[in-house]
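Below: the structure, in C-alpha cells.
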Amino acid sequence: MTYIAVLRNTAVVATCSHALITFKESVKYFVQKGSKVQCVSLDANKAFDKVLHHGLFVKLINKGVPAVFIRLLCNWHKRMKCSVLRNNVFGDIFAVNCGVRQGGVLSPILFSIYVDDLIGELRNSGYGIYIGRLFVGCILYADDILLLSSSCYCYMVCSLC
C-alpha cells in the first residue's frame, strides 16, 4: 500500500518511488522557470532508534490522533524487547526504551510525525522551495531527508536541522 500524506501543507512521501518523483518533478518545475535548485541529502543515522516514545505520543495527542490508537501504540512500544544474536547465541533480553520498530509498516509515518515540527521550522524559514502553496523544500523517505532550496541558502536550511 502506498500513500502521500500532507502534514501542514508539506508533502510526505510513502515510497522511494514517490520520493524520487517528488524530487524530479520539483527540480523540473524550477528549472523550466529558469531557476536553479540546490539540494542537500541527509541520512539521519539510526534516526528510527532515537525517537523518544513519550515525545512521539505527545505529538500524536497534539495532532488529534484518537486516544485508542495512541494507547495501542503505547502498549506496543512499552513491551518492546530485544536480544543480540552473536555466533548463533542469543544474549540477555532487554527492554527497548526508545525508537520505533525497524521495518515496521508504521515506523516511517511515526518518524515523519516525530520530525514534523522540524519540517515546520524549515517551511517557515523561507529558504526552501514551494510549488504553489505546497512546501517541497524537505522530502522525507523513512530516515532519509532531502533539503531543496532555489537559492544559494541551502547551508541555512542545513543549519536548521
Q) Once the whole set of protein chains is in place, how much accessible area is left on residue 121, using a 1.4 Å probe, in Å² to the nearest 10? A) 110
(Q) Using a Cα-Cα cut-off of under 30 Å, which lysines could be cross-linked to residue 78, ignoring same-chain neighbours fewer than 8 residues away? (A) 46, 50, 59, 63
(Q) Before I look further, what does the stretch 56-151 give for accessible area per residue, probe 1.4 Å, in whole square angstrom? (A) 58
Q.
Could you work out what % of the accessible surface of the stretch 98-152 is carbon and sulfur, using a 1.4 angstrom probe and leaving DNA, RNA and ligands out of the count?
A. 57
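Heavy atoms only, probe 1.4 angstrom, no DNA, RNA or ligands counted: give me 92, 143 ranked by accessible area, highest first.
Numbers: 92 135, 143 35 Å².
Largest accessible area first, the residues go 92, 143.
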Q. Which semi-axes, in whole Å and largest first, does the equivalent ellipsoid of the stretch 28-96 have when worked out from the alpha carbon gyration tensor as the square roots of 5 times its eigenvalues?
A. 38, 24, 9
Q | Where only alpha carbons of the stretch 58-145 are counted, the Rg and the Dmax (Å) | A | 17.4, 56
Q. Residue by residue through the stretch 36-42, which ³J(HN,Hα) values in whole Hz follow from phi under the Karplus form 6.51 cos²θ - 1.76 cosθ + 1.60 (θ = phi - 60°), with glycine and proline marked x?
A. 9, 10, 8, 9, 10, 9, 10
Q. What is the packing order of peptides 71-78, 113-120, taking the mean over residues of other C-beta atoms within 10 Å and listing the highest first?
A. 113-120, 71-78
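The values are calculated or read from the model by the stated rules, or taken from the named source; none is laboratory data. It should be emphasised that the depicted structure is a prediction, and the values quoted were computed from it without experimental measurement. Cβ coordinates were reconstructed from backbone atoms using ideal geometry, including for glycine residues, and neighbour counts include every protein chain displayed. All accessible areas refer to the heavy atoms of the entire protein, side chains included, with ligands and DNA or RNA removed. Shrake-Rupley method; radii C 1.70, N 1.55, O 1.52, S 1.80 Å.
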